[in-house]
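So the structure is just underneath, and the comments pick up after that.
The values are calculated or read from the model by the stated rules, or taken from the named source; none is laboratory data. Given the structure is predicted, the values throughout are model-derived calculations rather than measurements. Note that each Cβ is placed from the backbone with ideal geometry, even for glycine, and that neighbours are counted across all protein chains shown. What goes into the accessible areas is simple: the full protein's heavy atoms, side chains included, and nothing from ligands, DNA or RNA. Shrake-Rupley method; radii C 1.70, N 1.55, O 1.52, S 1.80 Å.
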Amino acid sequence: MAERALRAVCFDLDGTLLPMDIDEFMSAYFHRIAAYVADHGVDQAAFMSALKKGTQAMAANHDGQTNEAAFWAVFHPAFEEASGSPLSEEERQRMRELADAFYAEDFGHIGDGFTANPAAARVVRTLQEKGYPLVLATMPMFPRPAVEHRLAWAGVDPKAFARITSYENSTSVKPKQTYFAEVLAAVGVPGDQVCMVGNNTMEDFAFLDLGVEGFLVTDWLLNPIDVDIQQMRHGTFADLEAWAEALPVCADPASDIRSGAIPPEESAAALEDNAVVPIDLDAAERRAAAVAQAVAGDHGPGAASALKVDE
């Protein structure tokens, strides 16, 4: 494939910069947060039920509110329903504070003993040195502290990224094209001047519908929609590193990339201006729902690789 004059590069995190088995990670996450809330006197079963319903609410979010707002709007009534007891405003606030404390403190221990791929930091550093602005386009269902912990496990400095998607600054999720339109609106350049690096053909490469270049990393490949990867740029992380080293210095880097929430009308304009194929938003909703269902699942060994989405 001919190289484009890129002005920004976006990275997925899980399975790309972070070579951690997603099922092992999610299983450890659910076990750890369940134990944490139980240790703090919270009804564990009700909390976990509400957590999973809140996750599904983020996947269904499409009214312009942040994923954070969508999550908590569903979490509290779901907890009340599961526990059979109403929550006072004080108790609702305590629930949020408890979650914040978990992500700030305990969540990071999931990565204890994990060995990063040193090539991840090298690729990021190489692109930085060549002047490419970087965006971490990770699934925005976690709060920012949890994302930063995962970057630490990967050996990558959060300061390398001009924008990091999280549930605080995003109003959509992968694999919706609306999520990627929001990223483009934040970066402020056309899709054909951006590259997306990821390992999931459905979650990460819906971005290609907006004209971006793609690099599919195959070390932890997930292909839930059975696409022919020979039709896109792909290779191992070692191949990605060679590609980054071969890129020229960025001649016209994107500037003023925004880190916060993007107004819905700007995301809608980015979607309209950059779509290179007809966008089926209903199909994207179904895919996002399937992903959320998988996220909320039991995460037995191989569950992520076994996920298939029929259209």
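Using a Debye calculation, one point per C-alpha and no hydration shell, please list log10 I(q)/I(0) for the chain at q = 0.11, 0.12 Å⁻¹ in order.
Here the Debye-derived log intensity ratios amount to -0.65, -0.78.
What Kirkwood hydrodynamic radius do you get for the range 95-163 when you take the inverse of the mean 1/r over all pairs of distinct Cα atoms, in Å?
Across the range 95-163, the inverse of the average 1/r is 13.2 Å.
As an exercise, take the mean of 1/r over every pair of distinct alpha carbons in the range 67-223, invert it, and state the Kirkwood radius in angstroms.
Working: mean 1/r = 0.0572 Å⁻¹.
That comes to 17.5 Å for the range 67-223.
Defining a contact as two alpha carbons under 8 Å apart and six or more residues distant in sequence, what relative contact order in percent does the range 180-260 show? Can you show the working numbers first?
Numbers: 98 pairs, mean separation 25.0, N = 81.
That works out to 31 percent.
What length, rounded to one decimal in nm, is gained on full extension from Q230 through to Y29, with 0.36 nm per residue of separation minus their alpha-carbon distance?
Details: separation 201, 0.36 × 201 = 72.36 nm, distance 3.42 nm.
Residue separation times 0.36 nm, minus the Cα-Cα distance, leaves 68.9 nm.
In degrees from 0 to 90, rounded to the nearest 10, what is the angle of the helix 177-187 Cα long axis to the longest principal axis of the chain?
Taking the Cα atoms of the chain, the angle to 177-187 is about 70 degrees.
List the lysines whose Cα lies under 17 Å from the Cα of K159, skipping any in the same chain that are fewer than 8 positions away.
Answer for K159, where 17 Å is the Cα cut-off: K130, listed by chain and number.
Using a 1.4 Å probe on the protein heavy atoms, what percent of the accessible area of the chain belongs to carbon and sulfur?
51
Give the peptides 65-73, 178-186, 115-123 in descending order of average Cβ contacts within 10 Å, highest first.
So the order, starting with the most tightly packed, is 178-186, 65-73, 115-123.
Calculate, for the range 36-161, the solvent-accessible area per residue in square angstrom, rolling a 1.4 angstrom probe over the heavy atoms of the protein chains.
44
With the dipole of the chain worked out from charges on the C-beta (+1 for Lys and Arg, -1 for Asp and Glu) around the Cα centre, which of I110, P175, A160 lies farthest toward the positive end?
Working it through, the farthest residue towards the positive pole turns out to be A160.
If you line up the long axis of helix 89-101 against the longest principal axis of the chain, both from Cα atoms, how many degrees apart are they, to the nearest 10?
Once rounded, the angle reads 50 degrees.
Give me Rg/Rg_expected for the range 43-123, where Rg uses Cα atoms only and Rg_expected = 2.2 N^0.38 Å with N residues.
1.39
Which net charge results when you count Lys and Arg as +1 and Asp and Glu as -1 among the other residues whose beta-carbon is under 12 Å from that of L184?
Around L184, the charge tally is -3.
Whole angstrom only: what separates the Cα centroid of the range 59-115 from the Cα centroid of the range 191-268?
After rounding, the separation between the Cα centres reads 30 Å.
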